[in-house]
Amino acid sequence: MAAQRRSLMQSHQSWTDDLPLCQLCGVGSAPNCVYGPDGKGTQSHPNEDGHFRFSTECCFLYGVFNGYDGSRVASFVSQCLTAELLLGQLSTGHTDADVRRILSQAFDVVEKSYFETIDDALAEKANLQTQLPEVSTHGVCLSAQTQKIAERLKALEQEVSGGATAIVALILNNKLYIANVGTNRALLCKTTSDGQNQVIQIGRAHTIDNDDELSRLAQLGVDLVRLRQTGLISGQSSTRRIGDYKVKFNYTDIDVLSAATQKPIISEPEIHGGQSLEGVTGFLLLMSEGLIKALESAHGPEQVNQEIVAMVAAELAQQSSLEAAAQSVVERVKRLHHDAYVSGRQRAPHCGRHEDMTLLIRVVNYTLADGSLTPTQGGRIYPVSVPYSNHQSTSKTSVMLSLVMPAQGTLTNGSNTASTLEGDTPTAGQSPTATLQSTNTHTQSSSSSSGDGSLFRQRGSQAAQPRRGRGRVPPYVDFTQFYRLWGSDHSEGQGLSGDLGPQ
């Protein structure tokens, strides 16, 4: 069995290649990048992220995996976890408790199976390590043998090192289950009856910032003061991970973990659900740690969930496919991260590099935008800059939304987005008028992140009042560039300037 699993890891083909991909899902990705002084980026290592998205007769299964020190573990987990869940283990007759048990058992079996594949390499490595001091004491005549053993040890270390974190979503009986190990993230965005977006973060990252994880580690005897001072555990921030034999088998040799009475770094998933999707309209996002950290580095951590949801909603309103929407969001985050670095401003020191980024979008009763609003079919995108700030922070973050104006006809809005546009398309020479309305509500619960997600904020504690004598509300959305572009597109033969707008 171990030989079969080892062959599976080395093969470029997988039995999962024959499974049907879910058509309600799109995935975007970008490789890691390190910026030079000139702002040009280079990839520092092969992509280590992984994902899957399958549909069967009874369920849907999705996953995003963040590998480190190589892609072997992430690749192995993505293949074997599928085998542990989609070969008849799940059925529509299972209760929530049954599903949680099956998910937990699957993660346990997958990690044990992975370690079986490296058993021989670990045994050889241990044997060579015992020989190395003995060989080295025989002097110069055996230096070639010493070097040979050292080279073999290095190769074995590369073969057995590495691990992965995982976020898995299962939809069974129209219920959503999330299983999380590590530092990836799941967001469920639900469109409410009044057109607002309710953003729910399902679960929390398993790091030393998680009080539940600290309590678990403290019960095992880990010194929390030293752990907080260290920050990272064997180079990683996660307190739960799959693989990584050093922290699983040799944790007593790791200073910050040496006092633990049991294995402190575990692969047991934290499972949420089932949450009914009956009547829900919106989308589910699975994000790798690299995507989250890139946006946090560029804009700060306060509004990452709301910004990602705003980007996804905007792209779903413009793109004709889920794949294109997911890739466009990843590219936008990548561009924001790069621009923050080259700007030389406050966030620049945090943006010297980013890791691999993966975003999976799964729509739930969500209709993509009408093709008449996409740029490829005659529409034009007019950028609108919408500044907003978090009341808990003095820093400000800008979100770039886009108004997609059709070439002809009545102005309409893409279905099920957080923004609404009202009014008729202006004729040439007229100023376009539109009303933008967007609110992101952040649900407070044990599995929800905190913060006020309102994209559009009123200045002061009271609603804005019309200016005396003019009867107009002072603008807090800058439409200058929008009017300039609209004017330049519709001023032929009419002697109009580019500075159109309300007078």
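The values are calculated or read from the model by the stated rules, or taken from the named source; none is laboratory data. Note that the structure is predicted; figures quoted are calculated from it, not measured. Neighbour counts run over all protein chains shown; Cβ positions are idealised from the backbone, glycine included. Quick note on the areas: whole protein, heavy atoms, side chains included, nothing else; ligands and nucleic acids left out. Shrake-Rupley method; radii C 1.70, N 1.55, O 1.52, S 1.80 Å.
When a/c is below 1.5 the answer is rounded, else prolate if a/b is larger than b/c, else oblate, so apply that to the stretch 208-314 with a ≥ b ≥ c taken from the square roots of the Cα gyration tensor eigenvalues. The shape class here is prolate.
With θ taken as phi - 60° and the Karplus curve 6.51 cos²θ - 1.76 cosθ + 1.60 applied, the whole-hertz 3J(HN,Hα) list for the stretch 227-241 is 5, 5, 5, 6, x, 9, 10, 6, x, 10, 8, 6, 9, 9, 7 Hz, x standing for glycine and proline. Couplings 3J(HN,Hα) of the stretch 345-358, computed from phi: 8, 4, 8, 4, x, 8, 10, x, 7, 9, 8, 4, 10, 9 Hz, in residue order, whole Hz [Karplus 6.51 cos²θ - 1.76 cosθ + 1.60, θ = phi - 60°; x for Gly and Pro]. Relative protection proxy for 221-233, 281-293, from highest mean packing down: 281-293, 221-233 (other beta-carbon atoms within 10 angstrom). Which lysines, on any chain, are close to K40 with Cα under 19 Å apart, when same-chain ones fewer than 8 places away are left out? Those lysines meeting the cut-off are K334. Among Q229, I242, Q196, which residue has its Cα furthest toward the positive end of the charge dipole of the stretch 168-299, with +1 on Lys/Arg Cβ and -1 on Asp/Glu Cβ? With unit charges placed on the Cβ atoms, the residue in question is I242.
Scanning residues 5 or more positions from I266 or on other chains, those with amide H under 5 Å from its amide H are R241, with H placed 1.01 Å from N in the peptide plane. A cut-off under 12 angstrom between Cβ atoms defines the neighbours of N173, and their net charge, with Lys, Arg +1 and Asp, Glu -1, is -2.
With K and R counted +1 and D and E -1, the other residues having a Cβ less than 12 Å from that of H272 yield a net charge of +1. When the solvent-accessible area of the stretch 272-363 is split by element, carbon and sulfur atoms take up 47 percent of it, the probe being 1.4 Å. Residues whose amide H lies under 5 Å from that of Y366, counting only those 5 or more places away or on a different chain, are G282; hydrogens are built 1.01 Å from N in the peptide plane.
Its Cα centre serving as origin, the stretch 51-179 has a Cβ charge dipole (Lys and Arg +1, Asp and Glu -1) of approximately 260 debye. Applying the Karplus relation 6.51 cos²θ - 1.76 cosθ + 1.60 with θ = phi - 60° to the stretch 298-307 yields 3J(HN,Hα) values of 6, 10, x, x, 5, 10, 4, 4, 5, 5 Hz, where x marks Gly and Pro. For the stretch 189-313, the per residue solvent-accessible surface stands at 38 Å², with DNA, RNA and ligands left out and a 1.4 Å probe. Close amide H partners of I254, meaning residues 5 or more places away or on another chain with modelled amide H under 5 Å apart, do not exist here. Partners of K154 within straight-line reach, counting lysines whose Cα lies under 18 Å from its Cα and excluding those fewer than 8 residues away in the same chain: K125, K246. Counting only aspartates and glutamates at least 8 places from K263 when in the same chain, those with an alpha carbon closer than 19 Å to its own are D108, E111, E116, D119, D211, D212, E213, D223, D244, D253, D255. With all protein chains in place and a 1.4 Å probe, the accessible surface of the stretch 64-219 carries 48 percent carbon and sulfur. Ranked by the mean number of other Cβ atoms within 10 Å of their residues, highest first, the peptides 39-48, 75-84 fall in the order 75-84, 39-48.
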